[in-house]
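Report on one structure; see the data block that follows.
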Amino acid sequence: MSEKPFKITSSTEFEPDVVPQSLMRASIHGGNIVKRSIMRRLRGSPPSPVSVKSIAKPFISLTGKLVTQPDTLILAQMRLVRDSSRFGWGLLTSGLRNKPLDVAEPEPGDGRFRDQAWSEAMAFNVIKQAYLLSNRWIMDTVNDVRGLDNHTRRKLRFFTGQMTDALAPSNFILSNPEVLRATIQSRGKNLLRGLANLLRDMDEGEGPMPFRMSDPDAFKVGENLANTPGDVIYQNDLMQLIQYRPTTETVHRRPLLVIPPWINKYYILDLGEKKSFIRYWVEHGHTVFVVSWINPGPELAHKTFEDYMLEGPIAAMDAIEQATGERELNTVGYCIGGTLLGCTLAWLAAREDNRVKSATFLNSLMDFSEVGDLEAFIDEDSVSKLEKAMEKQGCLEGASMATAFNMLRANSLIWSFFVNNYLLGRDTAPFDLLYWNSDSTRMPAAMHSFYLRNMYLHNRLREPGGIELAGTPIDLGKVKVPSYFASAIEDHIAPWISCYQGSRCLGGPVRFVLGGSGHIAGIINPPDRKKYGYRLHKDSNLDPDAWLRRAKSFEGSWWPDWVTWAEQFGGGEVKARAAGEGKLPIIEPAPGAYVQDLPAAS
């Protein structure tokens, strides 16, 4: 191990006039923050959707259990003595051998300790190892406490993890070698610029964590995002329907209706020419229609989950028939859009409406028995507090949803930006996916309350007749259309095992594909990138572990597999269709007004 704390170089990445520029920015944004704080005090703060009671209860339960379990405390003390002894002995031997101390290792994918100084410089190596050992000891102690139900234990682990992540040495100036190096090299200019960045984000951002995740000036919806050519042909209070322009001479007879999530915006499926799933569908001969949901305000607080069904996919299906003359069609649903698609198919089945000939579900839950760390936000106290806040505001602000999702991967989606933006004083790099992630949307109060209670809290969708929509009890088992499920093995929002179990609720044949990576990258994986790979096994009646063991691995994207599967439901070839040729006139060019938070075109 090197005896030098870290290597200092004379180069600097900051421009000469960074000090006056940073001071000017800090002054402007600081003044705006003060003005806004005064106005907020005069008007009153918006209601908080966070239930302090829900967060505190598991820690109160933990304390009560520990009081009655002295053996657990003794075991924790013994483990602490053991780890301390290993740490001391390892420190001695690493000094004698001139090798890094390695009594604990970060989790795979943990990028906080990538800098070489964490291993090569003794001081930082010791800090890192002490932190990792302490973190492990805390989590092991929580796991050892008896008598806690699974929900309480998961919440304890989650919120304890949030605290230990926040206290990581990488988040502090003097204990992060990269930050300390930058501070010495720039003579503190990085911290001054970081302060200006912090005040800017507090001034311009929204929510409790308003930091930038991508360069906001690098992307523009309709130019380098959501730029597949198309036209809006229908709109109502909740959505605009986009018909995309064909690029082939002939197309499948049956159109393809895509239902994206309304948490964030539809252009996750259209991230520019090289990553666009929508463009890929068009290039493979589909007449593609995509629902572009509105970003609702308080005026739509009354809109329910069944309104989203009736004014979303049902209205879109009727509009597609008018636009193309075709009643039969194929469908795709992504995330909560897939959950809505499953409800819609069950509702249509109950009414003996068989217009849908196939369904594709992308990271979509229909069985909510295991939702991962999202469970930490789902209990009666949390939902009731959220409902009270939504009742006053009419909706749930998008920033609240974004914060919850970011907390699921706090080190990569919160603290990495804290270090980059505020300690290192750097600008965020352009990243289309994170730009989309920051473009959050609001949730109408009535819809979101129904969704949380019926899906997450009580898991009624998987029960035959457990949910009633527009006066009709629905049963997923009556859905007989062939289905294609694509999930991602590292998905932390819609865990693949729950997606797999949900697929078995349907009554028709299912083809289940398990892609690599997470909730977004596992789906938005164009073939040209040749990344991640996927697993496939034809028998989806196996339990998840058996399916995974027997599944065959394939390299690259699963998109071509979907193309092959979908061809059998195309209904033959017809001449390519263009918007405006049917009974519905063109309203405006894609991407339309709703995705840009503009008023509907007249």
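Counting only residues that are open to solvent by less than 10 Å² (accessible area, probe 1.4 Å) and part of a loop (DSSP other than H, G, I, E, B), segment 464-490 holds 1 of them.
Among the residues of segment 174-209, those identified as farther than 30 Å from D439 by Cα, assigned to a loop (DSSP other than H, G, I, E, B) and open to solvent by less than 60 Å² (accessible area, probe 1.4 Å) are S175, N176, G188. Number of residues in segment 310-352 that are in a helix (DSSP H, G or I) and more than 23 Å from V371 (Cα to Cα): the value is 19.
Cβ-Cβ contacts under 6 Å between residues 6 or more apart (or on different chains), taken from a first residue in segment 274-301 that is within 12 Å of I242 (Cβ to Cβ) to a second residue that is among the aromatic types (F, W, Y) and open to solvent by 10 Å² or more (accessible area, probe 1.4 Å), are listed as S292/Y594.
In segment 356-397, of all residues being farther than 20 Å from W262 by Cα and hydroxyl-bearing (S, T, Y), the one that is most open to solvent (accessible area, probe 1.4 Å) corresponds to S369. R245: over 16 Å from I268 (Cα atoms), among the charged types (D, E, K, R), touching a helix residue (DSSP H, G or I) at 6+ places or on another chain (Cβ under 6 Å) and open to solvent by 30 Å² or more (accessible area, probe 1.4 Å), yes or no? Spelling it out, it is not the case that R245 is over 16 Å from I268 (Cα atoms), among the charged types (D, E, K, R), touching a helix residue (DSSP H, G or I) at 6+ places or on another chain (Cβ under 6 Å) and open to solvent by 30 Å² or more (accessible area, probe 1.4 Å).
Considering only residues in segment 278-302 that are part of a helix (DSSP H, G or I) and of a type outside the set (S, T, Y), the one that is surrounded by the most Cβ atoms within 10 Å (Cβ to Cβ) turns out to be I278. Test Y266 against the stated conditions and say whether it is within 22 Å of G297 (Cβ to Cβ), open to solvent by 10 Å² or more (accessible area, probe 1.4 Å) and at pLDDT 95 or above. In short, no. List pairs: first in segment 130-141 and open to solvent by 30 Å² or more (accessible area, probe 1.4 Å) and of a type in the set (A, V, I, L, M, F, W, C), second at pLDDT 95 or above and outside any helix (DSSP H, G or I), Cβ under 6 Å, 6+ apart or cross-chain? Every condition considered, no pair remains.
Every residue in segment 550-581 that is at negative phi and small (G, A, S), please. Hits for segment 550-581 are A551, S553, S557, A566, G570, A576, A578, A579.
Note on segment 100-122: among residues that are over 22 Å from D140 (Cα atoms) and exposed (fewer than 13 other Cβ atoms within 10 Å of the Cβ), the one that is farthest from the chain's Cα centre (by Cα) is R114.
Here's the yes/no breakdown for (1) farther than 26 Å from S449 by Cα; (2) in contact (Cβ under 8 Å) with a residue 40 or more places away in the chain; (3) in a helix (DSSP H, G or I):
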{"site": "S369", "(1), (2), (3)": "no, yes, no"}
{"site": "K385", "(1), (2), (3)": "no, yes, yes"}
{"site": "E391", "(1), (2), (3)": "no, yes, yes"}
{"site": "N421", "(1), (2), (3)": "yes, yes, yes"}
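The values are calculated or read from the model by the stated rules, or taken from the named source; none is laboratory data. Computed from a prediction, not measured in an experiment: that's the story for all the values here. All Cβ positions, even for glycine, are placed from backbone atoms using ideal geometry, and neighbour counts span all protein chains on display. Only protein heavy atoms, including side chains, enter the accessible area calculation; ligands, DNA and RNA are left aside. Shrake-Rupley method; radii C 1.70, N 1.55, O 1.52, S 1.80 Å.
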